[in-house]
Amino acid sequence: MKNNEFDGNSLINIIHMQKRGKPRIDMLKDAIVQADQAGDNYWRMYMRFDYIAEQYFHGDAVKCIPVVTELENVFKENPAAVERHKGDTLGKEAYIMAVILGVDTIACLPQVSLEQWDNMLDGLYSLVKQFGMAERSYYWQVFWKWLYIDHEKAEEYLQKAWNTKPDDRFDCYSCEHAYAARLYLSMGQKEKADTYSEKVEKGIIDVCDDTFPNLWSYYLEYFLFNGDIASAVPYARKLYKKCNNDQGDLRHIGKVLQYFAYKNTTKGVKLFQKRLEWTNGIWDKQAKFYFYTGSWALFRELSKKKQSIEMELPEEFAQWRKDGIYETSLLADWFYKESETIAESFDKRNGTGFYMEYLKRA
């Protein structure tokens with residue numbers, strides 16, 4: 001196929017008309033093949049960037065990593081292809097954003113060592129300097145690494161990010177406020193966290209689509225762990241209503257399951273049955289951990305009321321039963337052991353007890 005036979009603009013417009021998540025991801029897989037066959041390096045990179053972004057926000061985020069590597073290789077073949085015309089920066093922006101998203105997912109992969117993580121951060125920093133953009137985003141990536149290891153170091157990089165000139169092409173001011181709230185909630189400094197979240201809640205700053213769900217999730221977790229179910233209610237309700245759409249919502253759904261364990265096990269079981277299939281074959285260990293931990297809490301609490309329950313679960317589920325009758329205590333034990341295995345792998349990599357502590361408090 002010759003370059004002039006490939007109309008990337010028309011194809012991407014069709015893709016963007018599809019529903020978020022799997023429908024778009026499947027079409028983008030095919031679009032990548034078409035762009036490769038056409039030999040158009042600009043669209044080979046662009047289609048991969050779109051795939052990476054769709055997987056990151058609406059699918060299994062970790063599955064974007066191999067495609068980030070592919071994108072980097074295409075770039076190395078022909079760096080000039082990121083520009084369609086002189087002065088065009090869109091290709092460079094897409095390229096560096098794809099690398100940022102790839103690095104970001106390392107927090108979800110305990111098999112990647114801290115040394116490898118640092119090497120990837122170094123590679124990102126080199127790219128930041130090469131292109132002269134996204135330095136503030138780089139500091140936020142280092143922040144996310146330290147968040148699970150050392151809160152003081154995380155706060156240090158939070159301040160470095162705040163002190164770096166923002167770049168509207170990469171930096172979301174409202175999301176940054178949510179990140180700060182997350183840190184201070186983790187540190188037990190709710191009043192300080194509130195100073196950031198209130199700017200979002202009161203509309204003092206412009207808000208993107210991801211900011212509110214993240215804030216709801218962070219505060220729900222905080223109130224659950226502090227045994228304040230009454231304060232958790234509005235956050236759980238909002239997450240249940242707004243963040244139950246695709247595989248990218250599994251972290252939020254896991255926390256809602258944990259809430260339902262104490263508030264409404266009937267709703268919790270319905271949600272569990274509906275969304276368990278999204279964990280099948282998932283690479284994102286962090287998302288799986290949150291969903292499995294929420295499931296453990298749900299069936300642990302349910303086992304205090306019911307010995308068994310009838311459910312329709314996917315056959316791919318390791319504990320699937322043909323008769324559809326499940327002993328609640330056995331399910332609780334299984335989900336705990338699975339969550340424990342994931343938690344231990346993260347904590348071993350990070351050299352902390354963050355995940356096991358989370359599991360114990362669920």
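Considering only segment 233-240, I want to know if a residue exists there that is farther than 18 Å from A362 by Cβ, more than 23 Å from the chain's Cα centre (by Cα) and open to solvent by 60 Å² or more (accessible area, probe 1.4 Å).
no
Write out, first by first residue and then by second, each pair whose Cβ atoms fall under 9 Å of each other, whose residues are 6+ apart or on separate chains, and whose first residue, in segment 58-79, is under 28 Å from D209 (Cα atoms) and in contact (Cβ under 8 Å) with a residue 12 or more places away in the chain while the second is assigned to a helix (DSSP H, G or I) and of a type in the set (D, E).
Hits for this filter: H58/D249; A61/D104; C64/E54.
How about segment 138-157: which of its residues are assigned to a helix (DSSP H, G or I) and in contact with a Ser or Thr (Cβ under 9 Å, 6 or more places away or on another chain)? Give the steps one after another, and end with the answer.
Within segment 138-157, the subset assigned to a helix (DSSP H, G or I) is 138-147, 151-157.
Scanning segment 138-157 gives Y138, Y139, L147, H151, A154.
Could you list all residues from segment 114-136 that are closer than 22 Å to D284 by Cβ and in contact (Cβ under 8 Å) with a residue 40 or more places away in the chain? It would help to see each step written out before you state the result.
The first filter runs over segment 114-136 and keeps only residues closer than 22 Å to D284 by Cβ, leaving 114-121, 123-124.
Hit for segment 114-136 is L114, nothing else.
Yes or no: V200 part of a loop (DSSP other than H, G, I, E, B) and surrounded by 16 or more Cβ atoms within 10 Å (Cβ to Cβ)? Give the derivation first.
Numbers: part of a loop (DSSP other than H, G, I, E, B): no; surrounded by 16 or more Cβ atoms within 10 Å (Cβ to Cβ): yes.
So V200 fails the test.
If a residue has to be assigned to a helix (DSSP H, G or I) and either on the phi > 0 side of the Ramachandran plot or in contact with a Ser or Thr (Cβ under 7 Å, 6 or more places away or on another chain) (or both) to count, how many in segment 325-357 make the cut?
Quick first cut of segment 325-357, residues assigned to a helix (DSSP H, G or I) only: 328-350, 354-357.
Subset that is either on the phi > 0 side of the Ramachandran plot or in contact with a Ser or Thr (Cβ under 7 Å, 6 or more places away or on another chain) (or both): 328-329, 332, 335, 339, 349.
Residues flagged as assigned to a helix (DSSP H, G or I) and either on the phi > 0 side of the Ramachandran plot or in contact with a Ser or Thr (Cβ under 7 Å, 6 or more places away or on another chain) (or both) within segment 325-357 amount to 6.
Can we say D104 is open to solvent by 10 Å² or more (accessible area, probe 1.4 Å), in contact (Cβ under 8 Å) with a residue 24 or more places away in the chain, outside any loop (DSSP other than H, G, I, E, B) and acidic (D, E)?
Values: open to solvent by 10 Å² or more (accessible area, probe 1.4 Å): yes; in contact (Cβ under 8 Å) with a residue 24 or more places away in the chain: yes; outside any loop (DSSP other than H, G, I, E, B): yes; acidic (D, E): yes.
Here the answer is yes, as D104 does meet what is asked.
Just to be sure before I move on: is W320 within 17 Å of the chain's Cα centre (by Cα) and open to solvent by 30 Å² or more (accessible area, probe 1.4 Å) in the structure I sent?
On the way: within 17 Å of the chain's Cα centre (by Cα): no; open to solvent by 30 Å² or more (accessible area, probe 1.4 Å): yes.
No; evaluated as a whole, the condition is false for this residue.
Looking for whichever is surrounded by 13 or more Cβ atoms within 10 Å (Cβ to Cβ) and outside any helix (DSSP H, G or I) here; the options are Q34, Q18. Which one fits? So that I can check it myself, show each step before the final result.
Values: Q34 fails: outside any helix (DSSP H, G or I).
Q18 is the lone residue from the list that is surrounded by 13 or more Cβ atoms within 10 Å (Cβ to Cβ) and outside any helix (DSSP H, G or I).
Do you know which residues across segment 246-259 are open to solvent by 10 Å² or more (accessible area, probe 1.4 Å) and touching a Lys or Arg at 6+ places or on another chain (Cβ under 7 Å)?
Residue satisfying the conditions is D246 alone.
With in contact with a Gly (Cβ under 9 Å, 6 or more places away or on another chain), among the charged types (D, E, K, R) and at pLDDT 90 or above as the only criterion, which of D122, D60, D104, D118 stands out?
Values: D122 fails: in contact with a Gly (Cβ under 9 Å, 6 or more places away or on another chain); D104 fails: in contact with a Gly (Cβ under 9 Å, 6 or more places away or on another chain); D118 fails: in contact with a Gly (Cβ under 9 Å, 6 or more places away or on another chain).
Just a single option satisfies the conditions, and that option is D60.
Which members of segment 281-308 meet the condition of being in contact with a helix residue (DSSP H, G or I) (Cβ under 6 Å, 6 or more places away or on another chain), within 26 Å of E221 (Cβ to Cβ) and open to solvent by 20 Å² or more (accessible area, probe 1.4 Å)? Let's see the steps before the verdict.
Quick first cut of segment 281-308, residues in contact with a helix residue (DSSP H, G or I) (Cβ under 6 Å, 6 or more places away or on another chain) only: 282-303, 306.
Now narrow it down to the ones that are within 26 Å of E221 (Cβ to Cβ): 282-303.
Answer for segment 281-308, where residues must be in contact with a helix residue (DSSP H, G or I) (Cβ under 6 Å, 6 or more places away or on another chain), within 26 Å of E221 (Cβ to Cβ) and open to solvent by 20 Å² or more (accessible area, probe 1.4 Å): W283, K285, K288, W296, R300, E301, S303.
Every residue in segment 131-144 that is more than 21 Å from Q116 (Cβ to Cβ) and not aliphatic (A, V, I, L, M), please.
Correct list: F131, G132, E135, R136.
Failed condition for K92, given (1) of a type outside the set (V, I, T); (2) open to solvent by 50 Å² or more (accessible area, probe 1.4 Å); (3) not in a helix (DSSP H, G or I), with all others met?
Exception for K92: condition (3).
Each row is one residue, and each column tells you yes or no for (1) under 19 Å from L183 (Cβ atoms); (2) under 17 Å from the mean Cα position of the chain (by Cα); (3) open to solvent by less than 60 Å² (accessible area, probe 1.4 Å).
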{"site": "K86", "(1), (2), (3)": "no, no, no"}
{"site": "A98", "(1), (2), (3)": "no, yes, yes"}
{"site": "M120", "(1), (2), (3)": "no, no, no"}
{"site": "S126", "(1), (2), (3)": "no, no, no"}
{"site": "Q130", "(1), (2), (3)": "no, no, no"}
{"site": "A134", "(1), (2), (3)": "no, no, yes"}
{"site": "W140", "(1), (2), (3)": "yes, yes, yes"}
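If you take just the helices (runs of 4 or more DSSP H) that sit entirely in segment 219-324, which of them hold at least 3 residues that are touching a residue at least 40 places away in the same chain (Cβ under 8 Å)? Show your work before the answer.
Details: elements: 229-242, 250-263, 265-275, 285-302.
Passing ranges, in order: 250-263, 265-275, 285-302.
Go through (1) surrounded by 16 or more Cβ atoms within 10 Å (Cβ to Cβ); (2) assigned to a loop (DSSP other than H, G, I, E, B); (3) touching a residue at least 60 places away in the same chain (Cβ under 8 Å) and name the single condition Q111 misses.
Here Q111 clears every test but (1).
Tell me, please, whether a residue that is among the hydrophobic types (A, V, I, L, M, F, W, C), over 19 Å from the mean Cα position of the chain (by Cα), open to solvent by less than 30 Å² (accessible area, probe 1.4 Å) and modelled with pLDDT under 90 can be found in segment 3-10. Give the derivation first.
So in segment 3-10, the residues among the hydrophobic types (A, V, I, L, M, F, W, C) come out as 6.
Still in the list and also over 19 Å from the mean Cα position of the chain (by Cα): 6.
Remaining after also requiring open to solvent by less than 30 Å² (accessible area, probe 1.4 Å): 6.
Now restrict to residues that are modelled with pLDDT under 90: 6.
Yes: one or more hits.
The values are calculated or read from the model by the stated rules, or taken from the named source; none is laboratory data. A quick note: this is a predicted structure, and the numbers were derived from the prediction, not measured. Reconstructed Cβ throughout: ideal geometry from the backbone, glycine too, with neighbour counts over all protein chains shown. Ligands, DNA and RNA are excluded from the accessible area calculation, which covers all protein heavy atoms including side chains. Shrake-Rupley method; radii C 1.70, N 1.55, O 1.52, S 1.80 Å.
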